[in-house]
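Written out below as structure tokens is the structure these notes cover.
The values are calculated or read from the model by the stated rules, or taken from the named source; none is laboratory data. What you see is a predicted model, and the numbers here were worked out from it, not measured in a lab. Because the Cβ atoms are built from the backbone with ideal geometry, glycine has one as well, and the counts that use them run over all protein chains shown.
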Amino acid sequence: MGGTDRRDFLIKLGTGAGACALGAQGVASLRSLAPNVSYDAPTTVKLGPPAEFSDGLKFLADERLFIFRNGNTFHAVSAVCTHLGCTVRAEALPKPETVDVGGSPLQLTHQFSCPCHGSHYTGDGVNTSGPAPKPLSWYRLSVAADDGQLVVDLAEEVGRDFRLTV
Amino acid sequence: MAQQPPEAPGVRSRRFWSLRPRSDRDAGDAITSNFLLHAMPAKVSNASMAWTYSFWLGTITAALFLLLVLSGLPLLFLYVPSVERAYQSVKDIEYVVSFGKWLRAVHRVAAHGMVIAVVFHLARVFFTGAYKNGVGRNQHREWNWVIGVVLLLLTLFLSFTGYLLPWDQLAFWAVTVGTNIASAIPWVGPSVRELLIGGREIEQATLIRFYVLHIVVLPGAVAALFGYHMWRVRKDGGLARADREEQLETPRTVPPTPTKTYTLLGVARGTAPTVTAKTLIAADTTVNAVPDLVRRALIATLGTIALISILAVFIASPLEEPANPLITPNPAKAPWYFLWLQEIVTDTTIHLGSFTINGAFIGGVILPGLLIGVLTLWPWLDRSPREATGEWFHPARRTQNLVFIVVMVAILLLTYIGMEMRGPYWEFFWPWETWPSLPSRI
């Protein structure tokens, strides 16, 4: 074996080792940036006793959520626009109308509009115009076993036939 | 009396270099002995230096980058990248710190100016066919064009990351919309967004990420690529304008220069390089880079800095209410250079029966992706002859110049619509119409 071969081998060894070291450093650096623990707000949130909600709509800014009450039934509609995540605004309808939503009647008192790109939704969250690709999410509401507060689960979407009767 | 030590070879007796050379040799020495100037050629043709060929847009861009680094430095001492204190520290810079308002304005105006200058530079290179290899041998101008496109993207990203830092409503919602466009990419989108903002919500993790990208990662990348960009310009034979003189001109007879040495045979046969010369090396059409090129570069730099400094006195930087994730401003607009994209994402949601494609994916990912892709590959798509290199609006490139102009005008038009004709709920208003007054809160 000639000297050139050994030199070649050592050059390759050095280059390879250097590339491996830098590659590992790079992978480790990038991986460290993908969070392992989320300190975001929890997805199950207590909203207060049902009695605190008056009939009609209440906007919960922290959860970006609309809570509707009609007598003793409740349902929750997300305020996060399905297009690009802006918070939609509620506008009261001149006069409420009752429509059939998911097989059960629902009184619509409001409609929603997004300030970012002008998507419009009906009171039950169905997108009617603008760039929004799908309806606003509905989330599961329940009553806390311990203190009877209204609880929303922002991780669990439900169908539009969902009503919580208290 | 101590004897003077002898001068060692390679040791320079003068403390500084000269920018006023007394001979050609001095002029060459002024380039090679100076780290800042060593990337320049020793000689440069008058045609390459013409104000009206390049408009010195690359130099102006570099000057703006320099100014951004310089004006960013004091801001680094004053700004606190924390959700609790960022807004207050920017407010202090704006209203309490001596000259703070002006420094922030310089940084902001220069940043917007750099976006504009980079786009103009790109347009200049396109219209002059300067990404083409006029000589054709051993040139890789198309590669430098690709580097330029990357630098354009880096510039936009730099500006965008800086946009968040004041942590006001303007910043927060522009970044909300911007990063949600990333999450519209199928499959990997949500992960990309999460990596970009360091979680699911725009929070402290996002601020520190954007901050580090803005002050270290992206400027470092721009500086490194800028160095490479300049080096490639040299290695491809200077500006594309020079190719015309090298390749497309036939040598002509020029009088011998008294400062040069010729071989007798060369003079007799007429083969000595400056007895028959092309414009690129003829003594009457070239000048020494020191001082002529350096002087013009300094004039362009000085002019840029002066203009920005004066503009910054008159253009106030906006600072809205502190960022509030609970209230979306109405309308919520992206930075102006992304407004054309925002306009497109508004209009491109496609409904096919029950099947819907989010406009954010088409308008925010596919369309700009295609545009950047085609832009990057353009030098390989351009089939015009070599003669079209380094000349403004060469007839052989008429169609592609028109296409380029149409696309640019369309982008400008969409930007203008987004800026001036979109009111609350992104509804269309003519500029002379007044927006309806809406309650700002629910």
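Which ones in segment B:273-301 are free of Cβ contacts under 8 Å to residues at least 12 places away in the same chain and within 29 Å of B:Trp102 (Cβ to Cβ)? Show your work before the answer.
From segment B:273-301, those free of Cβ contacts under 8 Å to residues at least 12 places away in the same chain are B:273, B:295, B:298-299; that's our starting set.
B:Arg295, B:Leu298, B:Ile299, listed by residue number.
Identify, from the list B:Thr276, B:Thr250, B:Thr285, the residue that is among the polar types (S, T, N, Q) and exposed (fewer than 14 other Cβ atoms within 10 Å of the Cβ).
Details: B:Thr276 fails: exposed (fewer than 14 other Cβ atoms within 10 Å of the Cβ); B:Thr285 fails: exposed (fewer than 14 other Cβ atoms within 10 Å of the Cβ).
Among B:Thr276, B:Thr250, B:Thr285, only B:Thr250 is among the polar types (S, T, N, Q) and exposed (fewer than 14 other Cβ atoms within 10 Å of the Cβ).
Which one is farthest from B:Ile357 (Cα to Cα) among residues in segment A:102-121 that are within 11 Å of another protein chain (Cβ to nearest Cβ) and not in a loop (DSSP other than H, G, I, E, B)? Step through it out loud before you land on a result.
We begin by selecting, within segment A:102-121, every residue within 11 Å of another protein chain (Cβ to nearest Cβ); these are A:110, A:112-120.
Checking which are not in a loop (DSSP other than H, G, I, E, B) leaves us with A:110, A:112-113, A:120.
Working: A:His110: 27, A:Phe112: 21, A:Ser113: 20, A:His120: 17 Å.
Here the residue is A:His110.
If you check B:Val115 against the conditions, is it in contact with a helix residue (DSSP H, G or I) (Cβ under 6 Å, 6 or more places away or on another chain) and within 14 Å of chain A (Cβ to nearest Cβ)? Walk me through how you get there before you give the answer.
Details: in contact with a helix residue (DSSP H, G or I) (Cβ under 6 Å, 6 or more places away or on another chain): yes; within 14 Å of chain A (Cβ to nearest Cβ): no.
No.
State whether one or more residues within segment A:61-77 are surrounded by fewer than 15 Cβ atoms within 10 Å (Cβ to Cβ), within 16 Å of A:Asp124 (Cβ to Cβ), in contact with a Lys or Arg (Cβ under 8 Å, 6 or more places away or on another chain) and not polar (S, T, N, Q).
No, segment A:61-77 contains no residue that is surrounded by fewer than 15 Cβ atoms within 10 Å (Cβ to Cβ), within 16 Å of A:Asp124 (Cβ to Cβ), in contact with a Lys or Arg (Cβ under 8 Å, 6 or more places away or on another chain) and not polar (S, T, N, Q).
Give the number of residues within segment B:261-273 that are surrounded by fewer than 12 Cβ atoms within 10 Å (Cβ to Cβ) and closer than 24 Å to B:Pro21 by Cα. Before the answer, list the steps.
Taking segment B:261-273 as the starting set, the residues that turn out to be surrounded by fewer than 12 Cβ atoms within 10 Å (Cβ to Cβ) are B:261, B:263-265, B:268-270.
In the following step, the residues that additionally are closer than 24 Å to B:Pro21 by Cα were identified as B:261.
Residues meeting the conditions: 1.
If B:Ile350 satisfies every condition in (1) within 14 Å of A:His83 (Cα to Cα); (2) more than 7 Å from every other protein chain (Cβ to nearest Cβ); (3) surrounded by 20 or more Cβ atoms within 10 Å (Cβ to Cβ); (4) aliphatic (A, V, I, L, M) but one, which is the exception?
So the condition that B:Ile350 fails would be (3).
This table checks each residue for (1) surrounded by 17 or more Cβ atoms within 10 Å (Cβ to Cβ); (2) touching a residue at least 60 places away in the same chain (Cβ under 8 Å); (3) farther than 30 Å from A:Cys116 by Cα; (4) touching a helix residue (DSSP H, G or I) at 6+ places or on another chain (Cβ under 6 Å).
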{"position": "B:Thr389", "(1), (2), (3), (4)": "yes, yes, yes, yes"}
{"position": "B:Pro395", "(1), (2), (3), (4)": "no, no, yes, no"}
{"position": "B:Arg398", "(1), (2), (3), (4)": "no, no, yes, no"}
{"position": "B:Phe404", "(1), (2), (3), (4)": "yes, yes, no, yes"}
{"position": "B:Leu414", "(1), (2), (3), (4)": "yes, yes, no, yes"}
{"position": "B:Arg422", "(1), (2), (3), (4)": "yes, yes, no, no"}
{"position": "B:Tyr425", "(1), (2), (3), (4)": "yes, yes, no, no"}
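Give me the residue from segment A:46-60 that is away from every other protein chain (no Cβ under 14 Å) and surrounded by 17 or more Cβ atoms within 10 Å (Cβ to Cβ) and, out of that set, nearest to A:Ala90 (Cα to Cα). Even if it seems obvious, please write down each step before you answer.
At the first step, the residues of segment A:46-60 found to be away from every other protein chain (no Cβ under 14 Å) are A:46-55.
Subset that is surrounded by 17 or more Cβ atoms within 10 Å (Cβ to Cβ): A:47, A:50, A:53.
Values: A:Leu47: 19, A:Pro50: 21, A:Phe53: 17 Å.
That would be A:Phe53.
If I filter segment B:338-373 down to residues being in a loop (DSSP other than H, G, I, E, B) and of a type in the set (Ser, Thr, Tyr), which single residue comes out as modelled with the lowest pLDDT?
Among those residues, the one meeting the criterion is B:Ser354.
Got a number for residues in segment B:229-265 being in contact with a Pro (Cβ under 8 Å, 6 or more places away or on another chain) and assigned to a helix (DSSP H, G or I)? Step through it out loud before you land on a result.
Pass one, segment B:229-265, residues in contact with a Pro (Cβ under 8 Å, 6 or more places away or on another chain): B:234, B:238, B:262.
Next, only the ones that are assigned to a helix (DSSP H, G or I) stay: B:234.
Total meeting the criteria: 1.
Restricting attention to segment B:171-192, report how many residues are part of a helix (DSSP H, G or I), more than 24 Å from the chain's Cα centre (by Cα) and surrounded by fewer than 21 Cβ atoms within 10 Å (Cβ to Cβ).
Total meeting the criteria: 4.
Given the criteria more than 10 Å from chain A (Cβ to nearest Cβ) and touching a Phe, Trp or Tyr at 6+ places or on another chain (Cβ under 7 Å), does B:Pro331 qualify? Show your work before the answer.
Details: more than 10 Å from chain A (Cβ to nearest Cβ): no; touching a Phe, Trp or Tyr at 6+ places or on another chain (Cβ under 7 Å): yes.
Taking the combined requirement at face value, the residue does not satisfy it.
Please count how many residues of segment A:122-154 are modelled with pLDDT of 85 or more, assigned to a strand (DSSP E or B) and either over 16 Å from the mean Cα position of the chain (by Cα) or not basic (Lys, Arg) (or both).
12
Here is a list of conditions, (1) touching a residue at least 40 places away in the same chain (Cβ under 8 Å); (2) surrounded by fewer than 20 Cβ atoms within 10 Å (Cβ to Cβ), and B:Thr128 meets all of them except one; can you say which number that is?
The one condition B:Thr128 does not meet is (2).
Could you check segment B:308-321 and list, in sequence order, the residues that are crowded, with 16+ Cβ neighbours inside 10 Å and either within 30 Å of A:Glu63 (Cβ to Cβ) or without any contact (Cβ under 8 Å) to a residue 24 or more places away in the chain (or both)?
Of everything in segment B:308-321, just one residue is crowded, with 16+ Cβ neighbours inside 10 Å and either within 30 Å of A:Glu63 (Cβ to Cβ) or without any contact (Cβ under 8 Å) to a residue 24 or more places away in the chain (or both), namely B:Leu319.
Using the structure shown, decide if B:Thr376 is in a helix (DSSP H, G or I) and within 14 Å of another protein chain (Cβ to nearest Cβ). So that I can check it myself, show each step before the final result.
On the way: in a helix (DSSP H, G or I): yes; within 14 Å of another protein chain (Cβ to nearest Cβ): no.
No, not satisfied.
Output yes when any residue across segment B:213-228 is of a type in the set (Ser, Thr, Tyr), surrounded by fewer than 20 Cβ atoms within 10 Å (Cβ to Cβ) and part of a loop (DSSP other than H, G, I, E, B), and no when none is. Can you show your working first?
Quick first cut of segment B:213-228, residues of a type in the set (Ser, Thr, Tyr) only: B:228.
Right, trim to surrounded by fewer than 20 Cβ atoms within 10 Å (Cβ to Cβ) and you get B:228.
If we keep only those that are part of a loop (DSSP other than H, G, I, E, B) as well, we get none.
Looking for residues that are of a type in the set (Ser, Thr, Tyr), surrounded by fewer than 20 Cβ atoms within 10 Å (Cβ to Cβ) and part of a loop (DSSP other than H, G, I, E, B), one finds none in segment B:213-228, hence no.
Pairs needed: first member in segment A:81-101, more than 9 Å from chain B (Cβ to nearest Cβ); second member anywhere, in a strand (DSSP E or B) and aliphatic (A, V, I, L, M); C-beta distance under 8 Å; at least 6 residues apart or different chains.
Between residues of segment A:81-101 that are more than 9 Å from chain B (Cβ to nearest Cβ) and residues that are in a strand (DSSP E or B) and aliphatic (A, V, I, L, M), the close pairs are A:Leu93/A:Leu108; A:Pro96/A:Leu108; A:Glu97/A:Leu108; A:Thr98/A:Leu106; A:Thr98/A:Leu108; A:Val99/A:Leu106; A:Val99/A:Leu108; A:Asp100/A:Leu106.
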